[in-house]
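Worksheet: the structure to be examined is printed underneath.
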Amino acid sequence: MSHENQFILAVDFGSTYTKVAAIDINREEITQIARSLTTVDTNIMQGYHSAIDKLGPQFKKNQGLYRKVACSSAAGGLRMITIGLIPELTVAAAKNAALGAGAKVQRVYAGALNNSELSEIQSLNPDIILLCGGTDGGNDKVVSDNAKTIALSDINSNFVFAGNKVVVDYVISKFSAHGKKIEVAENVMPEIGVLNIESAQSKIRNIFLENIVRAKGIESTSTDIDSVLMPTPVAILNATKLIADGTSNQGGWGGSLVVDLGGATTDVHSVSDGEPTRINVTQKGLPEPYLKRTVEGDIGMRYCIEGIIDGDRLGIVAKHCGFEKKKIEQYCSLVKNNLAHLPVSSEEVKIERSLAKVAVETAIQRHAGTLKSIYTPMGEVFVQSGKDLSNVSVIIGTGGAIVESDLPSEILKSISFNPAEPLSLRPQNPEYFLDKDYVLFAIGLLNEIDPDIAFRVAEKSVTRLQQ
């Protein structure tokens, strides 16, 4: 693509910062990056214009711009509640659908809703409620009752139904009779053991673009932004998939994983089939999604720093850094009470790095699958739960504690296979990379416009670390 207007401006309206990246589509590289505090409580465009000012007068005057596109996690991001029938089946499928659509899953409910749960849902005020349950032609009573209960309630939200197709007409009629609209997607689990989440994710994304962007005040961007394309986590997941798979014209890097270590959460995105890589292994539960995202809401480097040292993990941090537990607790308390604090002494740098190592290791332990050994008359066999990441060859780190670390590769190595945990299916022999300029969101957005250019921009922007 060669164009007289050679720049695409990618914007991320984040929960804390609004980031802008100027992408030169003729040179196929990101040339300038700036950020400013997000101003969603006043006018979200104030933070945007402040960031644009830092890029320079050319962009302030829209000179040479081909297109401006954005993603957003501002104003709490995309908050969702999922409701299913059986925890390890439709409930798990619904949660996978929501996370893969870029949502922050506030709560997950299984079985028939009670009055206490209804009150909790109303108080949480989610952006979208995803109602699932039953395979096609299977259990219809619980999902019908849940639909009726929600339709009769005072809960006001956006609704998506992705359950047993037998009750679709009933669900629509109940919601319509009480002045509520519900979008219908294909069943997230039409048969036992079959995961079908793309249709629900498409409905969720459409609701985000059509309703939620406006409700959160982000519609004011329409005067200056061509389009808000997706939630920020979807942009990151898109970038991960692009790097892993490449395009129709360029081969990708192979199975890839991105860990985003933030202040409040730790997100892990993986792109791989997750099938068993060892012999004598059978899979348990639902098949894992090829594009998988998990969010650890109890682990973050600022707001949730105390979650990192919860339980036995305090001792692990102490072992990594060589300091007493009390010193680590004091540092965590300091950070908790002063979120803007950054490590200054060599001791604090070492503690911060050790906390980051334990945070990402905990996150990958939860994201990756596991094996369980079972002895049978035919000998030892293994049952796999979750996703096998053994063959993932690329690990990319992003987030301040990783990017600003003096030894980012040491943090990322904590994600890899640990011989002390032989039944954890973590990457066996990966290479490590760094999103040093926080541009994965821009690559994910550019992928919607021109995947080939986006891939070449990624190759230039994601930095390989020394092993």
Helix-only mean residue ellipticity at 222 nm for the chain, each DSSP H run of n ≥ 4 adding -39500 (n - 2.57), per residue, nearest 500: -10000 deg cm²/dmol
In the stretch 310-396, GluC sites (Glu not before Pro) in a DSSP loop with at most 12 other beta-carbon atoms within 10 Å: Glu324
Potential extension, Asp273-Asp145 segment - 0.36 nm per residue separation minus Cα distance: 42.5 nm
Among beta bridges that DSSP assigns inside the stretch 338-434, antiparallel share in %, nearest 5: 65 percent
Volume of the Cα convex hull of the stretch 79-211, divided per residue and given in Å³: 85 Å³
Debye intensity ratio in log₁₀ form over the Cα atoms of the stretch 21-149, taken at each q of 0.18 Å⁻¹: -0.93
Ranking of Ser199, Ser270, Ser73 by count of other Cβ atoms within 10 Å, fewest first: Ser199, Ser73, Ser270
Among beta bridges that DSSP assigns inside the chain, antiparallel share in %, nearest 5: 50 percent
The chain - Rg (one decimal) and Dmax (whole number), Cα, Å: 22.8, 75
Among the listed pairs Lys165/Lys284; Lys174/Lys387; Lys241/Lys387, those beyond 28 Å (Cα-Cα): Lys174/Lys387
Sequence-distant lysines (8 or more away, or on other chains) whose Cα lies within less than 16 Å of Lys336: Lys326, Lys327
Computed lengthening from Asn418 to Gln46, 0.36 nm per intervening residue step minus Cα-Cα distance: 129.3 nm
Whole-number percent relative contact order across the stretch 79-211, with pairs defined as alpha carbons under 8 Å at least 6 apart: 26 percent
Net lengthening on full extension, Tyr170/Leu65 (0.36 nm per residue, minus Cα-Cα): 32.8 nm
Nonlocal Lys pairs with alpha-carbon distance under 14 Å, the stretch 1-121 (8 or more apart, or different chains): 4
Low-density loop positions, GluC sites (Glu not before Pro), the stretch 156-193 - DSSP coil, at most 12 other Cβ in 10 Å: Glu191
Global size of the stretch 170-318 as Cα Rg and Dmax, reported in angstrom: 19.9, 59
Convex hull volume of the stretch 321-429 per residue (C-alpha atoms, cubic angstrom): 133 Å³
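None of the figures in this text is laboratory data; all of them are computed from the coordinates on show. Values in this document were obtained by computation on a predicted structure and should not be read as measured data. With ideal geometry, Cβ positions are generated from the backbone for all residues, glycine too; neighbour counts draw on all protein chains shown.
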